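*Asks:* Right, I'll just put the structure down here and ask away after.
The values are calculated or read from the model by the stated rules, or taken from the named source; none is laboratory data. All of these numbers come straight from a predicted model, not from anything done at the bench. Cβ placement follows ideal geometry from the backbone for every residue including glycine, while neighbour counts extend to all protein chains displayed.
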């Protein structure tokens, strides 16, 4: 009994010591868990929808996002890739209706006014520091985000159409440089046709606005007034009629190839195989043809700016803009991400994938020499009118041009009819 009498107090003491140690350990874990929860709760997660290609997404995820999150440890970007199909715009509209839209989206430039009109997007003109980035973009890129005098996005990558010339035909025409004016190009074409009747001067892909607007604008045409409120007096004005007459004469005289109305030669085959002196194409003409059967033929072409006519050679703007959805609960954080994406480092990194940057201070600093011409051409490029009804308006313009070029209507009949239809569409804005 004496033995147990001595052991029991010792066990009690040991038990108390163990209990005390366990208690200290539990308190430490609680504090650690609480601290971790507090840290996680302080991180804002932003949903970012985009249509990056596999290569673009790999670079974005591996190089761009880590930079942003290192500079903004309180913001985490959840990047969600969306396929750029014909249904994407409808899917985004449905997501907005169900309040399931993202915080930020990389959106096709021509969609922005439509989503701005229905109240889906935040007016970025109201955001702090907007004035500081207002003048950082090339040419008229920012204008593609305008709706009723306010800006609902910023350009994150761009594309446009520049001139591409066949080197051998330039040489045969007696030129050691791309023609600077359409007059010079027409004269060169006529010299070529004395020996090569199957050669055309200009290959225009089609009558749609993406293909035809650069010529319509350069030849002095106007779609509508500067505030995008009416086409009457502009589309059917004297400058536009003269521009359309020049396009019609060019087709009839063989300066412009039948490709503009769906004929042959096609633009890519024509320029690579020596049937066209000039075409105009976005930068992906080089990206696509630098591998495969046309790789060697690509050495026979030279890139340049669109020739001048009534106006400095004026191309058309495409690309994607970053927009902030009105229903986002994290507007300030989303705005920080948007602003950062149009700074030099992320713009430079993404340009390595083939995306043309949008900010002025990268002109002449990119690693792709082809981009130099496209960045310069962007200084002389217009956005398609940033109006919600644009997809309907572009169909009206394309049909008008087709009817003129195929002699279905006179120029005056066609422009008067088209202007009246477009005016009605603009009144619905």
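*Asks:* Which of the residues spanning the range 81-108 are at pLDDT 95 or above, in a loop (DSSP other than H, G, I, E, B) and either at positive phi or in contact with a strand residue (DSSP E or B) (Cβ under 9 Å, 6 or more places away or on another chain) (or both)?
*Replies:* 82, 99, 101, 102, 103
*Asks:* Read through the list (1) assigned to a helix (DSSP H, G or I); (2) in contact (Cβ under 8 Å) with a residue 40 or more places away in the chain, then give the number of the only condition that residue 252 fails.
*Replies:* Failed condition: (2).
*Asks:* Something else now. Since residue 276 meets every condition but one in (1) farther than 30 Å from residue 423 by Cα; (2) surrounded by fewer than 24 Cβ atoms within 10 Å (Cβ to Cβ), which condition does it not meet?
*Replies:* Every listed condition holds for residue 276 apart from (2).
*Asks:* Hey, which of the strands (runs of 3 or more DSSP E) in the range 296-407, taking only ones fully inside, have at least 1 residues that are at pLDDT below 95?
*Replies:* Answer list for the range 296-407: none.
*Asks:* Would you tally the residues in the range 121-143 being exposed (fewer than 15 other Cβ atoms within 10 Å of the Cβ) and in a loop (DSSP other than H, G, I, E, B)?
*Replies:* Looking only at that region, the number is 3.
*Asks:* Going by what's in this entry, would residue 293 be described as crowded, with 16+ Cβ neighbours inside 10 Å, assigned to a loop (DSSP other than H, G, I, E, B) and out of contact with any helix residue (DSSP H, G or I) (no Cβ under 6 Å at 6 or more places or on another chain)?
*Replies:* Answer is no for this residue.
*Asks:* Tell me which residues, restricted to the range 362-375, are in contact (Cβ under 8 Å) with a residue 40 or more places away in the chain and under 18 Å from residue 142 (Cβ atoms).
*Replies:* 363, 374, 375
*Asks:* Just checking, how many residues over the range 182-205 are assigned to a helix (DSSP H, G or I) and closer than 12 Å to residue 256 by Cα?
*Replies:* Counting residues in the range 182-205 that are assigned to a helix (DSSP H, G or I) and closer than 12 Å to residue 256 by Cα gives 5.
*Asks:* Considering only residues of the range 120-171 that are touching a helix residue (DSSP H, G or I) at 6+ places or on another chain (Cβ under 6 Å) and free of Cβ contacts under 8 Å to residues at least 60 places away in the same chain, which is nearest to residue 320 (Cα to Cα)?
*Replies:* 151
*Asks:* Within the range 255-274, does at least one residue satisfy the condition of being out of contact with any helix residue (DSSP H, G or I) (no Cβ under 9 Å at 6 or more places or on another chain), closer than 24 Å to residue 201 by Cα and assigned to a helix (DSSP H, G or I)?
*Replies:* Yes, there is a match, as at least one residue in the range 255-274 is out of contact with any helix residue (DSSP H, G or I) (no Cβ under 9 Å at 6 or more places or on another chain), closer than 24 Å to residue 201 by Cα and assigned to a helix (DSSP H, G or I).
*Asks:* Taking the criterion of being at pLDDT below 95, assigned to a loop (DSSP other than H, G, I, E, B) and either over 20 Å from the mean Cα position of the chain (by Cα) or closer than 24 Å to residue 248 by Cα (or both), would at least one residue in the range 151-171 satisfy it?
*Replies:* No - not one qualifying residue is present in the range 151-171.
*Asks:* Can you tell me which condition residue 70 does not meet? The list is (1) at pLDDT 95 or above; (2) surrounded by 10 or more Cβ atoms within 10 Å (Cβ to Cβ), and all the others hold.
*Replies:* Failed condition: (2).
*Asks:* Follow-up question, since we're still on this one. Only residues in the range 306-335 that are closer than 19 Å to residue 378 by Cβ count as the first member; pair them with residues that are at pLDDT below 95 and in a loop (DSSP other than H, G, I, E, B), Cβ under 6 angstrom, at least 6 apart or cross-chain, and list the lot.
*Replies:* Pairs that qualify, where the first residue is closer than 19 Å to residue 378 by Cβ and the partner is at pLDDT below 95 and in a loop (DSSP other than H, G, I, E, B): there are none.
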